[in-house]
Amino acid sequence: MKSILAFTQPLIKVPRWGVTAQELHIGSEKFWIHATPNRAQIFPANCPHRGTPTEYAVCKNSQYICRYHGKPISPLPFHLVKKFGFWWNIKGEESVPFQNEKEFSFCGSDRYILEIPFVLAVDNFNEGSHTPYIHSVTGPLPNEWNQTKFEWSENSEQVKIFYSGPQRNTWVLHGLRAFFPQIWREKLQWSIRWTVDFNPLRMTYHSIWHRQETPETAEIEMKHLYYLAPLGNDQTIMHTFCFMKRPNVDGPLGFILKGLARKFTKNQIREDQKLYPMIKDSPLSLDKLKLDEYDQPLLAIREKCSKLYFKL
Ligand code: FES
Ligand SMILES: [Fe+2]
């Protein structure tokens, strides 16, 4: 298994003030990251002297020392970069994704600890047929699901998934009508295309809402970037980044729209989180279960993930 620090990825939210110690616990690897608004460093999980967790290390004169016997603890030699509200570990020639997508405005980022094993969380975020039942804002209602188009494909490095169905009417749309009466009067179609990458596991969702007769013209367009990683055996860590494309997104209206986009993202994740107490004890293996067409990409994703994070 590759070390999680071998990848370009977000590691920790930039704290607003003070020092934040956060655990990075992937597979059998564990580290502690100490971050301030201006600096972030990664430490081995335990003090080299007698193993006190480095969570408790304190910074004195720019040097971290162990709380137990005061010995200095050296950070691991990683260079962390601040972008989109997170400290990122950048490898080689890579850069932070989306930072050059000038057409999209950054709306917000978040870190979630999901109370569900990693494999089940990955399944949940890569399958759309729960949308009518679990989500209240996006996509079709249960009785419209049969109008949904679905496609998927894979190559050696990625899995690509596409859903398109009627957008239900919700309070969000009613609210948006107040700002954009010209576009929200009609029934809209919601199309989502996403790519799953495995270096490390990340999903890039591209959602478009358009009028049914003009699929080529997006009325609202959003991109989301989700990173998922196992946190021990029973939890999953998720970092989310939300971007939105709208003409003239600056100014007060832009501010409102960005806030709405971020709320929308949080709402989607909260709705999935409410489901987790019910599904967290489901079998981890999909063998002998009656899978349908929407579950097929999950097999491909699990197979590619297993090379990185777990053995099936
Ligand atoms: S355990 Fe850390 S200094 Fe002794
Ligand atoms: Fe969901």
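The values are calculated or read from the model by the stated rules, or taken from the named source; none is laboratory data. Everything numeric in this text was worked out from a predicted model, so none of it was measured. All Cβ positions, glycine included, derive from the backbone under ideal geometry; neighbour counts span all protein chains shown.
Things to note:
- The single residue among Glu103, Glu144 that is within 25 Å of the chain's Cα centre (by Cα) and either under 29 Å from Leu299 (Cβ atoms) or outside any strand (DSSP E or B) (or both) turns out to be Glu103.
- Of the residues contained in region 226-233, none is found to be outside any strand (DSSP E or B) and without any contact (Cβ under 8 Å) to a residue 40 or more places away in the chain.
- Counted residues, region 61-82 - those being out of contact with any Phe, Trp or Tyr (no Cβ under 6 Å at 6 or more places or on another chain), away from ligand 1 (no atom under 16 Å from the Cβ) and free of Cβ contacts under 8 Å to residues at least 40 places away in the same chain: 4
- Among the residues of this structure, Cys47 counts as one that is farther than 30 Å from Glu303 by Cβ, within 16 Å of ligand 1 (Cβ to nearest atom) and surrounded by 19 or more Cβ atoms within 10 Å (Cβ to Cβ).
- Hey, Asp123 acidic (Asp, Glu) and in a helix (DSSP H, G or I) or not: yes
- Only listed residue being among the acidic types (Asp, Glu) and modelled with pLDDT of 90 or more, chosen from Glu127, Glu101: Glu127
- Against the test of being within 16 Å of ligand 2 (Cβ to nearest atom), in contact (Cβ under 8 Å) with a residue 24 or more places away in the chain, exposed (fewer than 15 other Cβ atoms within 10 Å of the Cβ) and not hydrophobic (A, V, I, L, M, F, W, C), the options Glu94, Glu127, Glu115, Glu103 yield a single qualifying residue, Glu115.
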